[in-house]
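Enquirer: Let me begin by handing over the structure; questions about it come next.
The values are calculated or read from the model by the stated rules, or taken from the named source; none is laboratory data. All values reported here derive from a predicted model rather than from experimental measurement. Please note: Cβ atoms are built from the backbone with ideal geometry, for glycine as well, and neighbour counts cover all protein chains shown.
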Amino acid sequence: MAETVVSTRDLAKTYRSYASPWNRLAELVAGGTRHRELHALAGVTFEQQQGEGLAIVGENGAGKSTLLKILAGITAPTSGEVAVRGTVASILELGSGFHPEFTGRQNITLNAAMLGLDEAAVAAKTPEIIAFSELGRFIDQPVKTYSTGMAMRLGFAIATEVDPDVLIIDEALSVGDGYFQKKCMDRMQRFVAAGGTLLFCSHAMYYVSHFCRRALWLRDGRPEALGDVETVVREYETFLNLKTAAARQAPPTVEEKPPADDDLVRPARITAVRLLDGAGGRPVYHRGDALSLEIICEAESPDEPLHLGVGINRVDGIEVAAFSTHQDGRPPLSGDTTYRLRLELPSLPLLKGDFTVYVFLLDEPGLHVYDERVVPSAFQVKGPGYRFGLVEVEHAWERLPAAESAAEPAAVGVRA
């Protein structure tokens, strides 16, 4: 059974905010309360096993950096319990832990010693750290002359080369060129594979899903979700999509539109919309599953010709697909006062996400909307792992022979 390396219980962090330094002094001298409290964290409880990656996700200001600083031992919690076993190396604020007047080489010695390495170990590790950082002659320049990318190179090289038990990384990899980011990713992969414990904060959900098995979503300083990374990331992305939709003033998502007033003349209306998942509740699909949507509508007169339209949007309002009987060449509905139709999608191409279904009852030309129904978060699509994009498109790869001569025409649109 894997050992618990990091654990917290009801962890909280509160900061005091003063309107001015005088208020702080007056509170200290005269007593009373002259501050307001800012709750950065509250009620954070989790355990992390050895050899696993835990992602910390959430919006800016959610408390992610505060939590990682507590776990790294940089700041203390206001209340609660925290325990971290083994040696801890962290890459938090770029340049933190570096003495700006010291050279890169001197900062290697300083930071390695702070992480518990003796003089012999520091001497042995220094060439490897310098080689990985690729700082060259700048290793003997003061750190205050480094760019943010150079500081990240040195900080990452030190933190990962000293073989810590726990590695804490807070968005540091967003700085620097793609080549060095790739080196860092490869090293993080080897670190976790070798049994290291990773605490990783990033807004890049692909990285989060790749390096971590579990995730903690912080919202306003409190745990919103804790569990396997795919589930938590999906919930967090859905939350962000809904927030984006609200900001864009997306159409109101009412689950069931109230019946029309008695004095409103409406020649036809939708009476029911349901997904035929056979299990009840909110359907959950995977790419390639069949989706069946049943629609029931009523007309005032059997002579009224009608068409149906269906739209599928992602919950943030991005249009995904649309279907209509008149555009598909079907004759209008007529001859009855009650109609029951089924829309069948034999193979969903969707990869992941939450989706809203819109149903429209149209006139014969398909221009006027008699009635509509909006089913918010009607269904969800899950995948076996994090995938880029919204849909999967059929495709094939083929390896071609290399160009045989320099006279070979260049590929259109490709730059060297």
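Enquirer: Being crowded, with 16+ Cβ neighbours inside 10 Å, modelled with pLDDT of 90 or more and not in a helix (DSSP H, G or I) is the requirement here; does Ala76 meet it?
Expert: no
Enquirer: Do we find that Tyr206 is of a type in the set (Ser, Thr, Tyr) and within 20 Å of Gly51 (Cα to Cα) in this structure?
Expert: Considered against the rule, which asks whether it is of a type in the set (Ser, Thr, Tyr) and within 20 Å of Gly51 (Cα to Cα), Tyr206 comes out as yes.
Enquirer: Considering only the stretch 90-115, state which residues are modelled with pLDDT of 90 or more and among the small types (Gly, Ala, Ser).
Expert: Residue satisfying the conditions is Gly104 alone.
Enquirer: If you go through the stretch 306-352, how many residues are assigned to a strand (DSSP E or B), under 38 Å from the mean Cα position of the chain (by Cα) and not charged (D, E, K, R)?
Expert: Going through the stretch 306-352 one residue at a time, the tally reaches 15.
Enquirer: Could you tell me which numbered condition Leu54 fails, if it satisfies all but one of (1) more than 25 Å from Ala204 (Cβ to Cβ); (2) in contact (Cβ under 8 Å) with a residue 12 or more places away in the chain?
Expert: The single condition Leu54 does not satisfy is (1).
Enquirer: Report whether or not Glu59 is on the phi < 0 side of the Ramachandran plot and at pLDDT below 90.
Expert: no
Enquirer: Every residue in the stretch 319-346 that is in contact (Cβ under 8 Å) with a residue 12 or more places away in the chain, loosely packed, with under 14 Cβ neighbours inside 10 Å and closer than 19 Å to Pro376 by Cβ, please.
Expert: Ala322
Enquirer: If we scan the stretch 226-246, do we find a residue that is charged (D, E, K, R) and more than 20 Å from Asp316 (Cα to Cα)?
Expert: Looking for residues that are charged (D, E, K, R) and more than 20 Å from Asp316 (Cα to Cα), one finds at least one in the stretch 226-246, hence yes.
Enquirer: Just name the residue that is surrounded by the most Cβ atoms within 10 Å (Cβ to Cβ) out of those in the stretch 1-34 that are of a type in the set (A, V, I, L, M) and out of contact with any strand residue (DSSP E or B) (no Cβ under 7 Å at 6 or more places or on another chain).
Expert: The extreme case among them is Ala26.
Enquirer: Another question, if that's okay. I'm trying to understand the selection: among the residues of the stretch 2-60, which are out of contact with any helix residue (DSSP H, G or I) (no Cβ under 9 Å at 6 or more places or on another chain) and part of a loop (DSSP other than H, G, I, E, B)?
Expert: Ala2, Glu3, Ala19, Ser20, Gly31, Gln50, Asn60
Enquirer: Out of Glu37, Glu47, Glu81, I need the residue that is closer than 18 Å to Leu226 by Cβ and exposed (fewer than 14 other Cβ atoms within 10 Å of the Cβ). Which one?
Expert: Glu81
Enquirer: If you scan the stretch 283-329, which residues turn out to be closer than 24 Å to Glu364 by Cβ and in contact with a Pro (Cβ under 8 Å, 6 or more places away or on another chain)?
Expert: Across the stretch 283-329, the qualifying residues are Ala299, Glu300, Ser301, Glu304, Pro305, Leu306, His307, Thr325, His326.
Enquirer: Considering only the stretch 125-180, how many residues are polar (S, T, N, Q) and touching a Lys or Arg at 6+ places or on another chain (Cβ under 9 Å)?
Expert: 3
Enquirer: Within the stretch 369-387, can one find any residue that is assigned to a loop (DSSP other than H, G, I, E, B), within 21 Å of Met205 (Cβ to Cβ) and at pLDDT 90 or above?
Expert: Checked against the condition, which is being assigned to a loop (DSSP other than H, G, I, E, B), within 21 Å of Met205 (Cβ to Cβ) and at pLDDT 90 or above, the stretch 369-387 yields no hits at all.
Enquirer: Further, regarding this structure: Return a yes/no flag: does the stretch 167-177 have any residue that is at pLDDT 90 or above and either in contact with a Gly (Cβ under 8 Å, 6 or more places away or on another chain) or at positive phi (or both).
Expert: Within the stretch 167-177 (the criterion being at pLDDT 90 or above and either in contact with a Gly (Cβ under 8 Å, 6 or more places away or on another chain) or at positive phi (or both)), the answer is yes, since at least one residue qualifies.
Enquirer: Can you run down the residue pairs with Cβ atoms below 6 Å, 6 or more apart or on separate chains, where the first is in the stretch 360-385 and closer than 15 Å to Ala268 by Cα and the partner is among the acidic types (Asp, Glu) and assigned to a strand (DSSP E or B)?
Expert: Correct list of pairs: Phe360/Glu372; Leu361/Asp371.
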